[in-house]
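All remarks here apply to the structure that follows.
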Amino acid sequence: MDELLKRGSNFRPVPTFNVEDASLEEVVAVVKHHEESGIPLMLQNWHKRSSWDPELLSASWLENWQDAGSEIQVRNVYTWDDRAMCLVDYLKYARSTTPFATPEETERLYAKDAPFPTEWDNWLQENLPEYVLNFKSGDISSTLNPEVHLYSDYCLSSSCS
């Protein structure tokens, strides 16, 4: 990481906060502090909390989701070409793709704006502090009429495990 940071003036280290054993109140306090300072923050290890649902929050669950047969847009990162692909087919593709690009590779897809399951949204609403969710109180978007909200609960995926 240090070598990457040295390579360019645009790279900056980002502090992290381990949420595994933190109370929701502690998470909010740390996030508020970082928002006020203008310093980005990465919350780590949410998946290690006791409330984490590894079955629901998985690619396997997504493959069996009621809308898994729907088409999504995917983009080839080499050509910037977009095309429609069935979500299930994309998940199979992502699982079969190596984690790192190879010199001879000509196609590497990522899913653009894949639908965000209601079940996942419900889990987030129940398990994350309101303060860190979209449309939280105090967020400028919360003052907008609901019909003009930019709904940003989408999945952006480049690989699945």
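Annotation: Ala68 fulfils all but one of (1) open to solvent by 30 Å² or more (accessible area, probe 1.4 Å); (2) more than 30 Å from Glu26 (Cα to Cα); (3) among the small types (Gly, Ala, Ser); the unmet one is (1).
Going through (1) of a type outside the set (D, E, K, R); (2) free of Cβ contacts under 8 Å to residues at least 12 places away in the same chain; (3) assigned to a loop (DSSP other than H, G, I, E, B); (4) under 30 Å from Glu126 (Cβ atoms) one by one, Ile39 falls short only on (2). Per this entry, Leu41 is counted among residues that are modelled with pLDDT under 90 and hydrophobic (A, V, I, L, M, F, W, C).
Among residues of the range 80-98 being assigned to a loop (DSSP other than H, G, I, E, B) and of a type outside the set (A, V, I, L, M, F, W, C), the one that is most open to solvent (accessible area, probe 1.4 Å) is Asp81. Between Val28, Val77, Val14, the distinction of being open to solvent by less than 60 Å² (accessible area, probe 1.4 Å) and of a type in the set (Val, Ile, Thr) belongs to Val28 only.
Only one of Glu35, Glu26, Glu55 is closer than 23 Å to Glu119 by Cβ and charged (D, E, K, R); which? Spell out the reasoning first.
Working: Glu35 fails: closer than 23 Å to Glu119 by Cβ; Glu26 fails: closer than 23 Å to Glu119 by Cβ.
Sole residue among the options that is closer than 23 Å to Glu119 by Cβ and charged (D, E, K, R): Glu55.
The values are calculated or read from the model by the stated rules, or taken from the named source; none is laboratory data. All values reported here derive from a predicted model rather than from experimental measurement. Note that we place each Cβ from the backbone using ideal geometry, even for glycine, and neighbour counts take in every protein chain shown. Accessible surface areas use protein heavy atoms only, side chains included; no ligands, DNA or RNA. Shrake-Rupley method; radii C 1.70, N 1.55, O 1.52, S 1.80 Å.
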